[in-house]
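To keep things clear, I will list the structure first and then write my remarks on it.
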Amino acid sequence: MRASYLSILILMVAACGDPPPPAAPAPVKPVPQVAPAVAPPAEPAGRVFLIAGESGLAPVACHLAHVSKFSQGDDCLVLMKTGGNARLESGQVTRVTGTGTADCGGGSAVTVDAPVDALRGHAIAPVEQDFVELIPPVTPAEADKAAAEPLRARLREGLLRDHADLAPAKGLQIRQVAQIDLDADGKPETLAVITVPAADPDEPPSFAGLYLVPEGEVPVRKLKGQPGAGVQYMLLGALDLDADGRPELWLNTYDDEGFAWSVEKLGSVDLTELGRRRCGV
């Protein structure tokens, strides 16, 4: 009986034949690659500081807020498009009409819809907020006469520490004293411009420098100046190009050949020049 059952099972398997092969998998369609969206370039924005002259307004320095960096010269022209506005030192707002060649320092200037006699001093853009603070002009003689003796003593000490060969520096003159809040703590820092006259009154000073005078007993710190350099300094103002509340310095460096406007930022050690434009006599 058992043998008969096995025989029947074998016959059934043989009758069925081999099982069909498995079905081939359906082809997988490749997923199309979607390119990532490319953001459009940021619209130029920021603040620019310019020198005004007969040819128009030439950039000295700027902060390009759309890429968050300081720059100077022609790189700043992206903020000065034709049809835009600029504010002159007089407060007049004028329209940008095109580009030309700068009077001094080379490079480009923007032409504006203003008479030539209005193009004096500095200019800024944008015009919505005046971010430049001018330092009231005082003659060197007035500044030296008004300087307190403790300030003079500290500056003399700092000068002789940096340049002992200028001892005794009895002829130290204080040509300018300015108060500027450089660190946005609500308390202005004292800056002083000094000179040591040469023996020949017709010669440039033996030394000219710019010093930071901290409060208390902290020693004064030289920011600019080398003996025999033949240059002199004057602080013209302070400006906040990057709108961080800590102003940069607007400095005039001049000699017998001309002058240079620079924008400089005070760091923990010294000044960093952000932009410069030199004009010959």
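The values are calculated or read from the model by the stated rules, or taken from the named source; none is laboratory data. These numbers were taken from a predicted model, which means no experiment stands behind them. Cβ atoms come from the backbone with ideal geometry, glycine included; neighbour counts cover every protein chain shown. All accessible areas refer to the heavy atoms of the entire protein, side chains included, with ligands and DNA or RNA removed. Shrake-Rupley method; radii C 1.70, N 1.55, O 1.52, S 1.80 Å.
Secondary-structure-derived ellipticity at 222 nm for the chain, considering helices only, amounts to -4000 deg cm²/dmol, per-run term -39500 (n - 2.57) for DSSP H runs with n ≥ 4. Put a dot 7 Å past the Cα of Ala146, heading toward its Cβ, do the same for Asn252, and the two dots end up 1.6 nm apart. Here the calculated FRET efficiency for Asp74 and Glu133, from their Cβ-Cβ distance with R0 = 30 Å, stands at 0.65, rounded to the nearest 0.05.
Rounded to the nearest 10 degrees, the inclination of helix 149-162 to the longest alpha-carbon principal axis of the chain is 60 degrees.
Against the chain, whose longest principal axis is taken from its Cα atoms, helix 2-16 shows a tilt of about 60°.
Taking the average, over residues, of other Cβ atoms within 10 Å as the packing measure, peptides 69-80, 248-259 rank 69-80, 248-259 from highest down.
Couplings 3J(HN,Hα) of the range 99-110, computed from phi: 10, x, 9, 5, 4, 9, x, x, x, 9, 9, 9 Hz, in residue order, whole Hz [Karplus 6.51 cos²θ - 1.76 cosθ + 1.60, θ = phi - 60°; x for Gly and Pro]. Take the Cα of Glu273, step 7 Å toward its Cβ, do the same at Lys81, and the gap between the two points is 3.2 nm. 3J(HN,Hα) couplings calculated from phi for the range 140-146 with the Karplus curve 6.51 cos²θ - 1.76 cosθ + 1.60 (θ = phi - 60°) are, in sequence order, x, 5, 5, 5, 5, 5, 7 Hz; Gly and Pro show x. Put simply, the amide H of Ser206, placed in the peptide plane, has neighbours under 5 Å in Val196, Ala198, leaving out anything fewer than 5 places away on its chain. Just Val263, Val213, Val60 to compare: in a GNM of the chain, with alpha carbon springs under 10 Å, which one fluctuates most? Looking only at Val263, Val213, Val60, the biggest GNM fluctuation is shown by Val213. A full extension of the chain between Ala35 and Asp244 corresponds to an added length of 71.5 nm, given 0.36 nm per residue minus the alpha carbon distance.
At a 1.4 Å probe radius, carbon and sulfur cover how many percent of the accessible area of the chain?
Roughly 57 percent, rounded to a whole number.
Under a point-charge model restricted to the Cβ atoms of Lys and Arg (+1) and Asp and Glu (-1), what is the dipole moment magnitude of the chain relative to its Cα centre, in debye to the nearest 20?
Here the size comes out at about 1220 debye.
Gain on full extension, evaluated as 0.36 nm per residue between Asp200 and Ala153 minus their Cα-Cα distance, stands at 14.5 nm. Among the listed pairs Lys187/Lys224; Lys145/Lys187; Lys224/Lys265, which have their C-alpha atoms separated by more than 19 angstrom in this model? Over 19 Å Cα-Cα: Lys187/Lys224; Lys145/Lys187. On a per residue basis, the chain carries 58 Å² of accessible surface, using protein heavy atoms and a 1.4 Å probe.
Residue-wise HN-Hα couplings along the range 215-226, as the Karplus relation 6.51 cos²θ - 1.76 cosθ + 1.60 with θ = phi - 60° gives them from phi, are 6, x, 9, 5, x, 5, 10, 6, 9, 8, x, 9 Hz; Gly and Pro carry x. Along the charge dipole of the range 122-214, Cβ charges K/R +1 and D/E -1, which of Pro137, Phe207, Leu182 sits furthest on the positive end? Checking the options against the dipole of the range 122-214, the answer is Phe207. Within the set (1) 0.95; (2) 1.00; (3) 1.55, the number that Rg/Rh (Cα atoms, Kirkwood Rh) takes when calculated for this structure is listed as (3). Taking 0.36 nm per residue of sequence separation and removing the Cα-Cα distance, the Arg161/Ala65 pair yields an extension gain of 30.5 nm. Residues whose amide H falls under 5 Å from that of Gly237, counting only those 5 or more places apart or on a different chain, are Ile135, Trp250, with hydrogens built in the peptide plane.
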